[in-house]
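The values are calculated or read from the model by the stated rules, or taken from the named source; none is laboratory data. As the structure is a prediction and not an experimental result, all values here were calculated from the model. Every residue, glycine among them, receives a Cβ derived from its backbone with ideal geometry; neighbour counts consider all protein chains shown.
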Amino acid sequence: MTTTKINFKAGTRSSKLARLQTRAALDRLETCFPDCVFEEVPISSPGDRDLATDLRKSPPDFFTQDLDKQVLSGELDCAIHSAKDVPDPVTAGLDWFWLPWREDARDVLIRPRGKSVESMPPDGKIGVSSERRETYCHSRFPKARQLPIRGTIEERLRQLDRGDFELLVMAGAALPRLGLQERITEWIPATELIPPEGQGALAMTFRDGDERFQRLRRLFVKSVTFAAAGVGSAGACTLECLHALQRCDVCLHDSLLGHDLIGMLPSSVRCIDVGKRCGQHSMPQDETTYLITRFARRGMKVVRLKGGDPGIFGRLAEEVEALDALALPYRVMPGVSSLSAATSTTGMLLTRRGVSRGFTVMTPRKEGGGTGSVAADVRLQLPLVFFMALAVADEIAKQLVADGISPKTPASVVFGAGSDQSRILTGTLDDIAARIEQAASELPGLLIVGDAAKYHYTNWGALEGRRVLLTASQALQDKAADLVTDYGGIPVCRPLIELKTTTEALARIRQIGNYDWVVLTSPSAARCFGELLKSAWVDLRSVPKLVTCGGGTSKELWSLGLCANIEPAADFSADSLLKTVAPLVQPGLRILRLRSDKAGPELAQSLRGMGASVDDCLLYRNLPVAHAEKPDFDVAYFASASAVEVYDKQWGAASLKGVFVVAIGKPTLAVLKKCGIAADLVPPEATVESSIEALAMHFVRH
């Protein structure tokens with residue numbers, strides 16, 4: 001079967017550096033999307049032709065202008081730029097995003113070959129091309145003469161070498177891309193010279209509304225999180241919100257928040273106050289909305305932290321609509337509003353048996369700051385929300401129609417609100433009762449009547465709201481859930497196995513100094529190994545050489561402060577491990593092989609066959625975890641062979657019919673086949689990160 005390739009014309013500046021970095025980026029895009037072919041089209045821009053204008057005085061689109069015009073005209077499908085060259089805001093009619101593959105963002109100092117920075121004459125000539133670098137040089141080299149410099153990287157180096165300058169200041173990222181890293185004399189710490197935000201990064205621009213590139217972008221952007229801070233203090237914030245704050249890169253927050261909550265942000269997070277008080281705005285709403293979309297398109301994890309609940313008088317709709325217009329993913333976390341705090345904590349309960357069966361919430365404030373009517377006829381137009389009403393929905397609908405509400409008024413039911421099984425049923429007042437009966441859901445639901453019921457969030461993430469069953473042990477659940485959420489999926493966390501370490505392994509690890517090597521062949525083994533090292537109070541300096549079969553296990557060791565000494569270069573498997581260590585094994589080499597109860601003794605036997613002395617030790621057992629009910633899901637992710645066995649025993653292979661199945665690696669794939677389950681996807685590496693990324697990539701491609 002032949003597959004038709006999709007061809008794209010991608011513009012780039014015509015310099016050697018631009019073409020090299022563009023081709024490298026396009027090659028990686030073709031790897032992600034093998035059905036796509038990106039043709040590199042070199043085009044000059046004013047900044048390439050005009051070598052006289054000082055860059056400190058050049059227009060914002062000096063290096064992008066001609067490329068922008070051809071993208072807008074349709075001659076090009078997209079363009080690749082150095083991110084720092086893209087004007088902010090971009091040219092009208094264009095959309096954009098940053099690619100994730102970045103070089104070191106720092107600046108560098110370059111002297112003629114063989115000369116140090118210290119040997120430069122005090123009044124030497126320095127080539128600079130920005131006010132930022134000019135300020136730095138004034139501080140570090142106060143007597144030096146600063147002169148503007150233009151041209152390609154190679155041309156600037158030639159000017160330096162022929163004596164036009166004694167020193168150059170430029171972006172360090174350019175040199176490795178050109179294979180000229182040996183010309184770097186000194187890297188400037190980012191604390192001394194703060195790099196521009198886009199330095200070292202590449203940006204792709206395309207026509208606004210081009211669905212092809214909006215879809216492609218889904219793989220490289222993270223879901224914006226609208227998080228509820230609650231009211232008053234951090235104590236009213238949900239754990240889900242705190243977790244989002246601890247993972248974010250940028251936090252745009254309201255003013256009326258407790259300082260204790262803002263203080264929980266990691267020091268690396270960029271924190272921006274965008275709050276509004278009555279009659280006072282620290283930032284206009286349109287600027288806040290723009291910042292959200294700008295940081296999201298840079299691939300950053302953005303949290304928009306709102307006081308109370310974001311959906312109650314929080315201007316949430318305006319910010320969500322801006323993301324919808326760009327097809328950028330987002331998610332919303334509910335929280336404790338001042339409505340709850342003012343009533344539930346004071347005794348003025350809005351619902352009290354025998355006193356009140358409901359309440360109305362509204363504001364007299366109109367758009368623009370005026371005051372609107374709060375009369376009875378206006379109140380009747382407000383949305384209606386009914387709790388515990390599904391069984392009598394037909395009766396409610398008849399009463400509302402009798403009161404003059406149109407039978408075609410939108411109506412929706414939210415089943416299991418806030419859970420990973422949440423579902424929305426939509427209809428109108430005259431048919432919602434029949435739809436509820438047909439759905440036959442056992443989940444509790446809220447009935448919403450009014451124009452509010454016709455609005456629903458759109459999921460623009462790579463996973464497009466698919467529910468992903470995560471069967472891994474508890475140790476992997478958080479990491480897997482975060483990745484699924486970042487790609488716009490709904491994590492359905494149901495660990496099917498629990499890892500229980502053994503007393504035998506603890507005893508062996510207490511004597512770890514007796515071994516030359518320790519062999520670990522899974523991330524789970526690495527985590528259990530780390531757990532027992534702590535329990536045994538082992539000095540990490542006494543840990544012998546560590547042998548792994550792949551990057552996932554090695555990464556897990558690195559998180560423990562340990563480094564894998566030996567691992568295969570490719571084909572991460574036990575066979576590859578044996579081939580890698582075969583030339584290194586000497587007779588009498590003492591090896592501790594730590595494994596799960598599912599791994600088997602074959603690897604230890606093979607190492608003994610090479611002449612090593614091997615203790616084959618059971619590190620942990622896989623214990624089944626039972627769940628009362630099978631949840632609904634669209635994708636099943638199996639991170640171990642044990643999880644497959646538990647699933648098959650608990651719910652049966654037949655329950656996976658029509659479900660997309662992901663197996664983390666070959667052992668898991670083998671057990672799936674044994675159970676009669678076909679896997680739809682096996683990631684290139686046996687790690688959670690590779691698995692969820694491959695899953696997201698699959699759905700973006702298809």
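Structure data summary
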item	result
Residue count, segment 261-296 (criterion: among the β-branched types (Val, Ile, Thr), over 18 Å from the mean Cα position of the chain (by Cα) and at pLDDT 90 or above)	3
Selected residue (criterion: surrounded by the fewest Cβ atoms within 10 Å (Cβ to Cβ)) from residues of segment 419-461 that are under 26 Å from Val492 (Cβ atoms) and in contact with an Asp or Glu (Cβ under 7 Å, 6 or more places away or on another chain)	Thr458
Hits in segment 604-624 (condition: surrounded by fewer than 20 Cβ atoms within 10 Å (Cβ to Cβ), in contact (Cβ under 8 Å) with a residue 60 or more places away in the chain and touching a helix residue (DSSP H, G or I) at 6+ places or on another chain (Cβ under 8 Å))	Asp615, Cys617, Leu618, Pro624
Residue match in segment 381-391 (condition: assigned to a loop (DSSP other than H, G, I, E, B), at pLDDT below 85 and out of contact with any His (no Cβ under 6 Å at 6 or more places or on another chain))	yes
Complete set of residues in segment 319-362 that are touching a Gly at 6+ places or on another chain (Cβ under 9 Å), among the β-branched types (Val, Ile, Thr) and either free of Cβ contacts under 8 Å to residues at least 12 places away in the same chain or under 22 Å from Asp286 (Cα atoms) (or both)	Val332, Thr351
Given (1) surrounded by fewer than 16 Cβ atoms within 10 Å (Cβ to Cβ); (2) under 24 Å from His243 (Cα atoms), index of the condition Leu323 fails	(1)
Some residue of segment 398-405 being surrounded by fewer than 12 Cβ atoms within 10 Å (Cβ to Cβ), at pLDDT below 90 and not β-branched (Val, Ile, Thr)	yes
Search result, residues across segment 166-177 that are surrounded by 15 or more Cβ atoms within 10 Å (Cβ to Cβ) and out of contact with any helix residue (DSSP H, G or I) (no Cβ under 6 Å at 6 or more places or on another chain)	Glu166, Leu167, Met170, Ala171, Gly172, Ala173
Residue tally, condition of a type in the set (Asp, Glu) and in contact (Cβ under 8 Å) with a residue 60 or more places away in the chain, over segment 53-83	4
Given (1) at pLDDT 95 or above; (2) in contact with a Leu (Cβ under 8 Å, 6 or more places away or on another chain); (3) assigned to a helix (DSSP H, G or I); (4) not polar (S, T, N, Q), index of the condition Phe206 fails	(3)
Subset of segment 312-347 (residues that are under 30 Å from Arg212 (Cα atoms), among the hydrophobic types (A, V, I, L, M, F, W, C) and not in a strand (DSSP E or B))	Leu316, Ala317, Val320, Ala322, Leu323, Ala325, Leu326, Ala327, Leu328, Met333
Where Gly114 falls short, out of the listed (1) closer than 30 Å to Lys5 by Cα; (2) free of Cβ contacts under 8 Å to residues at least 24 places away in the same chain; (3) out of contact with any Ser or Thr (no Cβ under 8 Å at 6 or more places or on another chain)	(1)
